[in-house]
Amino acid sequence: MKKLFILLFVCTITSCISLRKAPTNFNYRIEVAKKFKRQFPKELAYIFEDPKDANQFYKYIDSKFQLNDTDVGLNVPITIDNKVYFITYHEAEIPDKKLNLLGIAMDATLAANELDPVFDEGYVNRIGHWFLAITVYDENNNNCLKSKYPERKNVLDYLNLLQNEYLNSHSL
């Protein structure tokens, strides 16, 4: 019984409990962006994970469309099959959060012995994952990602190419 208690105690204090897990293993999603991340707009969007450093997508869009740091990411005009569309992107972080039980146990033990805590309330580990949500509208302000939009396939093909080009480009 004593060995079981020790084993259970060691497993408990050396483990981390996952509090939140960011979505993984998807190429892209088409969904209402607000359902994916609250700070995104309540619009149908093309969403994918951005593994690159901060501001890399901004720099990519700025150089690709030669915007000279003017309205980058806000109604950027693109042309697909001689038709003008407008893309806007939003980015946000979804962190993985884990609760470190070992840190809590160690600090509780130190506090019981009237010593200063080691972890100083750093019990939650955070690892961030960044995601981009791209919305596409035509000149009549119709969301081009809706399933009934007539040119949806062409727009999705363009967004797939844009995503692949961005992910395979070197950092600017």
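Tabulated data
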read-out	value
Segment residue 63-residue 32, length gained on full extension (0.36 nm per residue, minus Cα span)	8.4 nm
Surrounding net charge for residue 30, when Lys and Arg each add one and Asp and Glu each subtract one, Cβ distance under 15 Å	+4
Summed side-chain charge close to residue 58 - residues other than residue 58 whose Cβ falls under 13 Å, Lys, Arg +1, Asp, Glu -1	-3
Cross-link pairs beyond the 25 Å C-alpha cut-off, checked among 97/146; 83/153; 35/64	97/146; 35/64
Overall form of region 37-81 per C-alpha gyration tensor (a/c, 1.5; a/b vs b/c)	oblate
Full-stretch length increase - residue 114, residue 169 - with 0.36 nm per residue and alpha-carbon distance subtracted	14.3 nm
Size of region 131-172 as Cα extents on the principal axes (Å, biggest first)	35, 18, 16
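Only the coordinates and a few stated rules stand behind these numbers; no lab work does. None of these values were measured; they are calculated from a predicted model. Positions of Cβ are generated from backbone atoms using ideal geometry, with glycine treated the same way; all protein chains shown enter the neighbour counts.
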